[in-house]
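Below is one structure; the comments refer to it alone.
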Amino acid sequence: MTLNRTSAPKIQIIRELNFPTIEKASLSNGIPTISINVGNQEIVKIQLVFKAGMWYQSQVLQAFFTGQMLEEGSRNFTASDLAEKLDLCGAHVHQKVNRDNASIEIYTLSKHLETVMPLVADMVRFPTFGEAELKQLVEQEKQAFNVRNQQVKHIAQREYSALLFGNQHPYGSSATEESYNLLNTSILKEFHKTNYGSDNCRIFVSGKIDSSTQNLLDKFLGQEKWGNQSLPNLPEFSSQSSTNKLHYLPKENVLQSAIRLGKRSIGKSNPDYFGLTVASTLFGGYFGSRLMSNIREDKGYTYGIYAGIYPHIHDSAFIISSEVGADVAQKAMDEIRYELKRLRTESVDLEELSLVKNYMSGTFLRSLNGAFALGEAVKTLYEFNLKEDYYQNYLNTIHEMTPEKVLYYANKYLHEDQMIELIVGKK
Amino acid sequence: MINFKKYTLKNGLTLLVHFDNATPIVALNVLYKVGSRNESPDKTGFAHLFEHLMFGGSVNIPSFDQPLEKAGGENNAFTNDDITNYYITLPKENLETAFWLESDRMLNLGFSKKSLEVQRQVVIEEFKQSYLNQPYGDVWLLLKPLAYKTHPYQWNTIGKEIKHIENARMSDVKAFYKKYYNPNNAILVVAGNVDAEEILILAEKWFGEIPAGKPLANKIEQEPEQNEARFLEVFRDVPADALYKVYHMAARGTREYYIADMLSDVLSNGNSSRLYRRLIKEQGVFSELDAHITGDFDPGLFVFSGKPAEGISLESAEEKLLEEIERIKTEILSEEELQKIKNKLEASHIFSETSTLNNAIHLAIAESLGNVDLVNQEKAIYADIQTIELQQIAQTLFRLENSSTLYYRSNTKNHDAQ
């Protein structure tokens, strides 16, 4: 029998998620632990999460450098001791500080957890914030900043956040070379003292876990309350988008311009969020999206163009971003606006919509694949204060989308006349 | 331990199946044994441009991406000096869609004129975005021709110059496909919660009838031993000076290769590594410094790259780096330091094996090197390496006459100093 190569094999549509049980417990001092026990390998990832992101800082870079300095020496270990001992276990410890939270991520073979935990506990609770160490770190970061600052992509990212949220808002403010010179150890100590306490901490565990994992966490982080015991008040900020819609930042000698188009948008807990992500994925969120098909695959203006919702805890944004040939920046902008208008005025055909739904369900399955990915998904639930059926609801909503709903969400949230435009480079 | 079963189809296609029941996702990976080292010097960037054309639709399937996305799948590809590798991940239930798509573009690619025109332009934008419009983006465009005078590694996968991509004609593209995109020059890997016998049946069904191509001679002229130190200095609009120093080393898969890899770990993997600890943290000579190997199939490069700290000249930074290199040549490592590196390697192996796709790609690469068992032998090789071997390889590699050095100077810094 000759093979029929023109028709596609039958496919199944993913409708159910097999989300593993989330195990909730707490350490003796009350720190909540949230665990996902999955995987065949004897490895574990632990994340200590503090509400200690940029939202809580009183000056730019304070949260970031507080996080970075944790590995630069603690009460019982010098920076070199810490590095040596962690490397001897083949363990990795990273500090991550974003707009809302600060976290310490530990990746280790389970058998070394007993060695790793006392090091981490000392780093988190008793960092020394040495003057010389800070000075050196600041110099390194300043140099890296100056390199980034040459790239149109980074300039656009920084300027665009300020246009969307206002340059005094934690989501819109960013460092200048000057802000590096304003750092000192006392403001980092102060930030650490206020925000890195057991009452402001949550622990997420994923990987192959047994009772010894929880016992070790309790032994090194749970025996007593530590750090600040009166939780800091949540600072309040209100976002203020630029009222001027068109922005241009010229830069000489560039081959490509960075372009941004977008507006403030809704977050994960808004009932429209799921539907809007379907509309925005169809528009610019995957390789076959309308933006990619038009601006890369048809016109060849760019290597890549992407649109998506960027949800923070207190506010969110819809952003279209790309780097395009410097001579076609305005043409690319025109095409983006054309596509935005088309999205809200012409009904999407069912074939395209069903493709996007299936693609998104597959992406769901991929993004919840493996212990660490699941751990990350659970962390998101807690950070955004979402219910455990969030992902299943998300998947259900994707499948319930219709062309009418796409039009509705596009008109409500993605109107081209409301977008703020930025071009960095040439236009 | 990465388990696998190996089969060879009548048309010469190698099939490897890896079983992993911890995931609902399956990975299908097709590696073609062609990279930029197979290009001719006046038509560089071709293997990579061709990778883009592979997404332009095949004779029976006008769009590659759409049916895959419809099946909940995702795909990507990469080209390097030695191989072109395509991979798909999708829900296990829809695996046959991946077989259908990959086999059709191996059987008969569409070659639309529009696809060639647009992808030429996309690749030119990629060239600009990654190599020309980035600070330090052209470093490898400078370093490779400095280190290689004979071997095709002297050009980058993206191509020597934009002109070569602009000049690509349809006839060149078709000839390239005919020569290299054949089952006997490819390796198919399927990884996930699958049954090897069933996969073999699917592979026979979709790939079995694709005719084999002519066997390839593929003789690549090897680089003669370098006998003189090479040096290049450039000035660019970047905020800080940078130093690059490369040494020729052994081919991938040899014992010497693994020893060099370990040497790069001793020098710069982790916060306790020598270069980080001594030259960044203790002496404050560099603000960034890294040592790594290029991982090429033919003899590749051992690379040092760094940026001197504020106020330190390239010359004195280089001198300090050379002192550190001298130390690893003259003093033998302690057993503790060796053990630390072995522990780190053990951990990174275990972490890497949690990804089904990583395992699939790893298997394909080992098979294309001619020894699929390497995926599991590597661990034993690393575990067996002795301190004396590290010292010997350091002495063999890190010789002045085996080195190429690039001073990448900042125009602004230079201006300030005047």
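Worth a mention:
- Computed accessible area, A:TRP226, all protein chains, 1.4 angstrom probe, square angstrom: 10
- Here segment B:192-232 is described by how far its Cα atoms reach on the three principal axes: 56, 31, 17 Å, from widest to narrowest.
- With all protein chains modelled, accessible area of B:ASP42 [1.4 Å, Å²]: 100
- GluC sites (Glu not before Pro) restricted to DSSP loop in segment B:110-179 with at most 16 other C-beta within 10 Å: B:GLU161
- Theoretical ellipticity at 222 nm over chain A - DSSP helices of four or more residues, -39500 (n - 2.57) apiece, nearest 500: -12500 deg cm²/dmol
- Scoring B:390-396, A:121-127 by mean Cβ neighbours within 10 Å over their residues and listing the highest first yields A:121-127, B:390-396.
- Point-to-point label distance, A:GLN418-A:ASP272, nm (Cα→Cβ direction, 7 Å offset): 0.6
- Base-10 log of normalised Debye intensity for the protein assembly as shown (one unit scatterer per alpha-carbon) at q = 0.10 Å⁻¹: -1.37
- Under the combined filter of DSSP loop state and at most 16 neighbouring Cβ atoms within 10 Å, segment A:329-375 retains these GluC sites (Glu not before Pro): A:GLU346.
- Cβ-Cβ distance of A:ASP334 and A:THR243, R₀ of 22 Å, FRET efficiency by 1/(1 + (r/R0)^6): the value works out to about 0.45.
- Residue with peak Gaussian network fluctuation, chain A [Cα springs, cutoff 10 Å], from A:PHE384, A:PHE318, A:PHE129: A:PHE384
- Measuring between their Cα centroids, segment A:1-31 and segment A:265-318 lie 23 Å from each other.
- Segment A:135-246 - Rg and Dmax from Cα coordinates, angstrom: 19.7, 58
- Distance between the modelled labels on A:ARG148 and B:ALA251, one decimal in nanometres: 4.2 nm (7 Å Cα→Cβ projection).
- For the protein assembly as shown, the dipole from Cβ point charges (+1 on Lys and Arg, -1 on Asp and Glu) about the Cα centre works out to 1600 debye, to the nearest 20.
- Summed over all non-identical Cα pairs, the Kirkwood treatment of segment B:102-223 gives a radius of 17.7 Å.
- Under 18 Å from B:LYS219, Cα to Cα: aspartates and glutamates that are on another chain or at least 8 residues apart: B:GLU39, B:ASP42, B:ASP81, B:ASP82, B:ASP296, B:ASP298
- Inter-chain shielding of A:293-300 (mean C-beta neighbours from other protein chains, 10 Å cut-off): 4
- Taking 7 Å steps out from each Cα toward its Cβ at A:LYS341 and B:ASN193 produces label points 4.9 nm apart.
- FRET efficiency estimate (nearest 0.05) - Cβ-Cβ, A:SER179 to A:SER7, R0 60 angstrom: 0.50
- Considering only B:ALA229, B:ALA364, B:ALA347, the Gaussian network model of chain B with Cα springs below 10 Å gives its largest mean-square fluctuation to B:ALA347.
- Solution diffusion estimate, µm²/s, Stokes-Einstein, segment B:228-272, Kirkwood Rh from C-alpha pairs, 10 °C, viscosity 1.306 mPa s: 117
- Within segment A:90-186, the proportion of C-alpha pairs whose separation exceeds 20 Å stands at 57%.
- Potential extension, B:LYS10-B:ALA212 segment - 0.36 nm per residue separation minus Cα distance: 71.9 nm
- Against the criterion of solvent-accessible heavy-atom surface with a 1.4 angstrom probe, A:TYR303, B:TYR181 sort, most first, into A:TYR303, B:TYR181.
- Paramagnetic reach from B:LYS113 in segment A:300-322 [backbone N under 19 Å; point 7 Å along Cα→Cβ]: A:300
- Once divided by 2.2 N^0.38 Å, the Cα radius of gyration of segment B:230-410 becomes 1.08.
- With 20 Å bins from 0: P(r) over chain B, alpha-carbon pairs, percent: 24, 53, 22, 0
- Kirkwood radius and radius of gyration were both taken over the C-alpha atoms of segment B:5-207, and their ratio Rg/Rh is 1.00.
- The relative contact order of segment B:5-207, computed from alpha carbon pairs under 8 Å that lie at least 6 residues apart in sequence, is 40 percent.
- FRET efficiency for B:ASP172 and B:GLU401, using Cβ-Cβ distance with R0 set to 30 Å, rounded to 0.05: 0.20
- Toward the positive end of the charge dipole of the protein assembly as shown, with +1 on the Cβ of Lys and Arg and -1 on the Cβ of Asp and Glu, the farthest Cα among B:TRP100, B:ASN38, A:SER173 is that of B:TRP100.
- Reciprocal mean inverse distance between Cα atoms of segment A:23-221 - Kirkwood radius, Å: 17.9
- Sequence-distant lysines (8 or more away, or on other chains) whose Cα lies within less than 16 Å of A:LYS387: A:LYS24, A:LYS268, A:LYS379
- Whether segment A:246-425 is rounded, prolate or oblate, judged on the alpha carbon gyration tensor where a/c under 1.5 counts as rounded: prolate
- Proximal lysines relative to A:LYS193, as straight alpha-carbon distance under 16 Å, when same-chain residues fewer than 8 apart are discounted: A:LYS51, A:LYS225
- Listed residue pairs exceeding 28 Å between alpha carbons, taken from A:LYS85/B:LYS413; A:LYS153/B:LYS320; A:LYS208/A:LYS357; B:LYS10/B:LYS179: A:LYS85/B:LYS413; A:LYS153/B:LYS320; A:LYS208/A:LYS357
- Cα gyration tensor category, rounded, prolate or oblate, for chain A with a/c compared to 1.5: oblate
- Stokes-Einstein D in µm²/s, Kirkwood radius over Cα pairs - segment B:178-337 at 4 °C with 1.567 mPa s viscosity: 65
- Of the GluC sites (Glu not before Pro) in segment B:199-297, those whose Cβ has at most 10 other Cβ within 10 Å and which sit in DSSP loop: B:GLU221, B:GLU225, B:GLU228
- Normalised contact order of chain B, rounded percent, pairs of Cα under 8 Å and 6 or more residues apart: 22
- Only protein heavy atoms count here; on that basis, with a 1.4 Å probe, B:SER287 has an accessible area of about 10 Å².
- Across the cross-link table entries A:LYS331/B:LYS160; A:LYS135/B:LYS128; A:LYS341/A:LYS427; A:LYS45/B:LYS245, which are compared at the Cα atoms, the separations over 27 Å belong to A:LYS331/B:LYS160; A:LYS135/B:LYS128; A:LYS45/B:LYS245.
- Cα centroid separation, segment A:333-355 to segment B:154-222 (Å): 36
- Candidates A:ASN184, A:ASN98, A:ASN18: whichever shows maximal mean-square fluctuation once chain A is modelled as a Gaussian network with Cα springs under 10 Å: A:ASN18
- Magnitude of the charge dipole for segment A:286-427, about its Cα centre and with charges confined to Cβ atoms of Lys, Arg (+1) and Asp, Glu (-1), is about 160 debye.
- For the residues A:GLU400, B:GLU318, a 1.4 Å probe over the protein chains yields an accessible-area ranking, largest first, of A:GLU400, B:GLU318.
- Charge dipole (debye, nearest 20) of segment A:23-221; +1 at Cβ of Lys and Arg, -1 at Cβ of Asp and Glu: 440
The values are calculated or read from the model by the stated rules, or taken from the named source; none is laboratory data. Since this is a predicted model, take the numbers as computed values, not measurements. Here Cβ is always computed from backbone atoms with ideal geometry, including for glycine, and neighbour counts include all displayed protein chains. These accessible areas exclude ligands, DNA and RNA; they are computed on the full protein's heavy atoms, side chains included. Shrake-Rupley method; radii C 1.70, N 1.55, O 1.52, S 1.80 Å.
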